[in-house]
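Read the figures in this text as sums done on the coordinates, not as results from a lab. Small disclaimer: the values here were computed from a predicted structure and weren't measured. Virtual Cβ from ideal backbone geometry, glycine too; neighbours counted across all protein chains shown.
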Amino acid sequence: MHRAIIRSAVIADAPGIARVHWDSHQTTYVEPGRVARERVEAWTMVIRVSFWRANLAIANDVYRPPEGFHRMAIQVAEVDGEIVGWANTSVGHEADGPRPLQLEGLYVLDAHHGTGVGQALLDAAIGDRPAYLWALADNPRAHAFYRRNGFVPDGVEQFDELWQVTEVRFVR
């Protein structure tokens, strides 16, 4: 397996990001029974590609964010021309966010777990800056990864109505 290239995402990456998103949701949420399959799969590939295309257009200054969108910085990990992971950050858009920077998502295909791709994405996305993120309460692998990177749960939880899961907030 070749080394991952970490770079800023471009609009043409939307299908690859959407595929990683879909596959990761299946392996991390659906298969272990953390989220109901119908909830995850209601967010179809067509919707995901459109969602990422719009966010990448905004991130790459093609147009200003319309209502319901905000500017993100989006990094991808590419191995042999294939996107195998991504991370996205933004200025925390929650009124009560504990830090100005939010790690909104970080996903890596299962085949690339343990290869350093996730770490490289996190380093590119936030470096050593203070930040916060939300993680599924029942996701010990993610919790361990974020703890290794200096994040700690701050005691705040929220229930995600769409996914029907409890999330915990981590802060660094």
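Ranked for footprinting exposure by Cβ neighbours inside 10 Å, fewest first, S8, S90 give S8, S90. Relative contact order, whole percent, for region 5-129 stands at 27, derived from Cα pairs under 8 Å and 6 or more residues apart. Ordered by the number of other Cβ atoms lying within 10 Å of each residue's own Cβ, fewest first, V117, V165 fall into the sequence V165, V117.
Averaging the sequence gap over all C-alpha pairs within less than 8 Å and six or more residues apart, then dividing by the number of residues, gives region 55-110 a relative contact order of 25 percent. Which net charge results when you count Lys and Arg as +1 and Asp and Glu as -1 among the other residues whose beta-carbon is under 11 Å from that of A14? After counting each charged neighbour, the total is +2.
Dividing the Cα radius of gyration of the chain by its Kirkwood radius returns 0.93 for Rg/Rh.
Fewest neighbouring Cβ atoms within 10 Å first, the residues W86, W43 line up as W43, W86. Please give the residues of region 28-49, grouped as numeric ranges, whose backbone N is less than 16 Å from a label point set 7 Å along the Cα-to-Cβ vector of Q164. Under 16 Å, as judged by backbone N against the label point of Q164, lie 29-43 of region 28-49.
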